[in-house]
Amino acid sequence: MKHLRTFLAALAVVSLAGSAFAAEGTKIASVDLRKVALESKSGTEMANQLKKKKEKLEGDLKTRETELKKFLESLDAKAKTLSAKERAAKQKEAQKKYEKLQEMVRNADKELQAQEEEFSGKIMARLEKIVKEYAVKNGYALFIRKGDLLYTDGKLEVKDVTDDILTMYDNEQQGPAK
């Protein structure tokens, strides 16, 4: 939905200001934000952090799942020797363990999603600043997300500046403050 709004806004700007963009020297650029996010140093670092967190959470969940399986196997082995009341209590305990495992899965998913959104927000905030700086410095009137432009009549040149933005993004990181 967000991409559609971005595309429609860009299309409206291009449509309404067609003659202005046809003017000599008007520059339009596109940038592949996904590529910058995935290939930049901080994007790669953040992806690695997410991967490590995911692996840890998956390990914790696997441990809990193994514990639940052992408990169920033990319950099956003892089922014939337990009274109906004891069996019912053990089954209730097993159900609670299963529900706790399901809750852990949901919480792990939420935690990963929240961290991914936090990282994406940080990257996008920095990218927005860098794109604005680049546009002003290089005389671009319009920046669009690569892939959002469906049609151009060929009179407008849309230059892909992804590599330049990626370089600026990584160089900014090496500055005094992140």
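The values are calculated or read from the model by the stated rules, or taken from the named source; none is laboratory data. Here the structure is a predicted model, which is why all the values come from computation and not from measurement. Note that each Cβ is placed from the backbone with ideal geometry, even for glycine, and that neighbours are counted across all protein chains shown. Surface areas here come from the heavy atoms of the whole protein model, side chains and all, with no ligands, DNA or RNA. Shrake-Rupley method; radii C 1.70, N 1.55, O 1.52, S 1.80 Å.
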How many Å² of accessible area per residue for the range 69-121, probe 1.4 Å? 81 Å²
For the ranges 136-144, 63-71, what's the packing order if you count other beta-carbon atoms within 10 Å of each residue, average per peptide, and put the highest first? 136-144, 63-71
Which of the aspartates and glutamates could a cross-linker span from residue 69 if the Cα-Cα distance has to be under 15 Å and same-chain partners fewer than 8 positions apart are dropped? 60, 93, 99
Report in % the part of the accessible area of the range 54-178 that belongs to carbon and sulfur, leaving out ligands and nucleic acids; probe 1.4 Å. 52 percent
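What's the ranking of 160-167, 47-54 by average number of surrounding C-beta atoms within 10 Å, highest first?
160-167, 47-54
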Under 20 Å from a label point 7 Å along Cα→Cβ of residue 38: give me every residue in the range 120-135 with its amide N that close. 120-128
Sort the following peptides by mean Cβ neighbour count (other Cβ atoms within 10 Å, averaged over residues), highest first: 38-45, 86-93, 151-158. 38-45, 86-93, 151-158
Of 51/110; 70/100; 41/122; 27/132; 56/122; 35/56, which ones are farther than 19 Å apart at the Cα? 56/122; 35/56
Diagonalise the Cα gyration tensor of the range 48-142 and give the resulting equivalent ellipsoid semi-axes, square root of 5 times each eigenvalue, largest first, whole Å. 53, 11, 6
By the C-alpha gyration tensor axes a ≥ b ≥ c (rounded if a/c is under 1.5, else prolate when a/b exceeds b/c, else oblate), the shape of the range 88-158 is oblate
